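The values are calculated or read from the model by the stated rules, or taken from the named source; none is laboratory data. These numbers were taken from a predicted model, which means no experiment stands behind them. Cβ: placed from backbone, ideal geometry, glycine included. Neighbour counts: every protein chain shown.
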Amino acid sequence: MPRVHSEQPRARKPGHPRQAREGKPHTLHDLQRLAGNAAVTALIEERLQVQRWGAIAPPVAAPAAAPVAPPTLKPGDTGPEVASLQKKLNELGAALTEDGNFGWRTKAAVTSLQSDVGVKVSGTVDADTWTAITTAKAGSLAAVGLGRQKRWKTWIPWAGLSRQQRQDWTTLGWNAATWRSKTPPTASSKRFRALTDAERAAAVRLGYTPASWDARRDVTAANAAAAYAEEEARAKKKAGKKAGKSVLPAGWIGSLHARSILDSQFGGYTKITLPKMEVLTASEMAKKYDGFYGAGSYATDGPLEGFNKDGVNYLNIESQSVDTEVHEMLHAQAHADWKAFAKENSTHVNEGATELLTHDAVSAHGFTPSTSYADQDSLVEAMNRQSSFEQMKKALFKGGADVTKYKADVAAGLKAGKTWAVFQGHYDHGRFAEAIACLK
Amino acid sequence: MTEDALATRVMDLNQRAWRLIQADRTGSRPHADLRREAAELQDELNAVDLSELSEATRRRLQKLLGEAKTECRYILSDGKGPTSLRAAN
């Protein structure tokens, strides 16, 4: 059963005779007599299309129908309307499978577009987003979500800000007049944790860290943005040494920026810490690894995506995705109870859950997430259908009773005759499809 | 060996390394046994050849192979060297 939330076309009453103009037909029978069944059927179909799609359908020369809002689509929805949305996004430059499932990739494309055109970033396709989609130019989505970390200027006029920046500052309570007069709005006096979700996301997009926000270090967020830029430049320079050009993905998220994103997205669940991370080139990876295990060890074992020594995560610069640091940093925030459950016999549940949270966080901040754990993502998405994404999130960050509930929800979702051991046995051995088939 | 069979093989080897690491962390098995099994597993891991695979599959399996190899080395170093990201996090 499709879960698309859309306005269903209502049957309309035939026009009242008193409202019909002289000589004009005013019932279906009149029309059928004059024009024939086929013509009337075509007319009705066109009218239904207008009702279903409102402004996004091409103009139809049908009798004027009452304007009906286009369908609101959100993550989790399925059906032909979603497939049409995906087709439209692909025409704009996205690369989505037009399968009618509103998953995280579709959400990422939608949030990227929203962010780019200045529509409220929600991941939900509402009337404003439909308008943006229908008016965007082909190819405009390709650049979305990439290269967003621009160097900040010390103070630029309101009109000189990008649309997104103006929107973010507006979310934080500024307007053109207060910007000119440098009068801080009410939101700027609140602690970072007291900001709403939308305000936190806006602050992070503007370059604030929770610390710089609370310290009111710089109202233009120049310090934080400069720190991000500096970290990124250092990593890119390092990458460039090896390959002669940057091998980091466009819009790469460094650890400082990752922490701000996580704080904005999940700060209400747990205190986000900054684990030690070092991004190394291939030769540095080999040198460090061989330093511990002897010459030639890395050549035998590598290339490695990373390793950990004495609490420091060493990450290979050449296998970084835009969201690698967000993903690895999320691991460090997980509660011990969650790890005990999700890493019981293998790490698949842990990786899948961490990846889903990574997608959630980076797409909410205008980045397009990568796919590193497609099988594990599918597994945990299937588990979440028996419980919920929210419950998984609480279990991962808070542990305790939330882990117990999450596991109980999933166990209750097993098909008759399937046990947890059978389910787990499948995914532990990489038989993800069989594991998912155990669930209702 | 077909690509699917090789993927299954690598997944199984990877899971064996994970079990060794878990046992090492919890101290649930004698360390000498873990060292012996880690050495055997290391030989098996080193014998896997991914060179015939497509680039995407090779990268995916190399990640699994690499973390298993690191975990074996970690056990063989008596916990003195680096370990995998999954074991540490």
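Each row is one residue, and each column tells you yes or no for (1) within 9 Å of chain A (Cβ to nearest Cβ); (2) assigned to a helix (DSSP H, G or I); (3) buried (at least 19 other Cβ atoms within 10 Å of the Cβ).
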| residue | (1), (2), (3) |
| --- | --- |
| B:ARG36 | no, yes, no |
| B:GLU40 | no, yes, no |
| B:SER51 | no, no, no |
| B:ARG58 | no, yes, no |
| B:LYS69 | yes, yes, yes |
| B:ILE75 | no, yes, yes |
| B:GLY79 | no, no, no |
| B:ALA87 | yes, yes, yes |
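Restricting the first member to the stretch A:346-360 and to residues that are on the phi < 0 side of the Ramachandran plot and within 13 Å of chain B (Cβ to nearest Cβ), and the second to residues that are surrounded by fewer than 23 Cβ atoms within 10 Å (Cβ to Cβ) and among the hydrophobic types (A, V, I, L, M, F, W, C), the beta-carbon pairs closer than 7 Å and six or more apart or on different chains are A:SER346/B:TRP18; A:THR347/B:TRP18.
Residues considered: A:SER260, A:SER283, A:SER319, A:SER264. Of these, the only one that is buried (at least 17 other Cβ atoms within 10 Å of the Cβ), within 19 Å of A:ALA239 (Cα to Cα) and either within 12 Å of another protein chain (Cβ to nearest Cβ) or in contact (Cβ under 8 Å) with a residue 40 or more places away in the chain (or both) is A:SER319. Of the residues A:ALA224, A:ALA202, A:ALA211, the single one that is at pLDDT 80 or above and in a helix (DSSP H, G or I) is A:ALA202.
In the stretch B:18-26, the count of residues that are surrounded by 12 or more Cβ atoms within 10 Å (Cβ to Cβ), within 11 Å of another protein chain (Cβ to nearest Cβ) and of a type in the set (Asp, Glu) is zero. The helices (runs of 4 or more DSSP H) found wholly in the stretch A:345-439 and carrying at least 1 residues that are at pLDDT 95 or above, under 30 Å from B:ALA56 (Cα atoms) and not charged (D, E, K, R) occupy A:348-364, A:374-386, A:389-398, A:420-428, A:432-437. Those helices (runs of 4 or more DSSP H) of the stretch A:232-304 in which at least 1 residues are of a type in the set (Lys, Arg) and within 23 Å of B:ALA68 (Cα to Cα), considering only elements entirely within it, cover A:282-293. Residue check: A:ALA299 meets all listed conditions (1) surrounded by 23 or more Cβ atoms within 10 Å (Cβ to Cβ); (2) within 13 Å of another protein chain (Cβ to nearest Cβ) but one, namely (1).
For the stretch A:421-439, give me the residue count where each residue is farther than 14 Å from A:THR347 by Cα and either within 31 Å of the chain's Cα centre (by Cα) or touching a residue at least 12 places away in the same chain (Cβ under 8 Å) (or both).
Within the stretch A:421-439, the first condition is being farther than 14 Å from A:THR347 by Cα, and the residues that meet it are A:421-423, A:433-439.
Next, from what is left, pick out any that are either within 31 Å of the chain's Cα centre (by Cα) or touching a residue at least 12 places away in the same chain (Cβ under 8 Å) (or both): A:422-423, A:433-439.
Counting residues in the stretch A:421-439 that are farther than 14 Å from A:THR347 by Cα and either within 31 Å of the chain's Cα centre (by Cα) or touching a residue at least 12 places away in the same chain (Cβ under 8 Å) (or both) gives 9.
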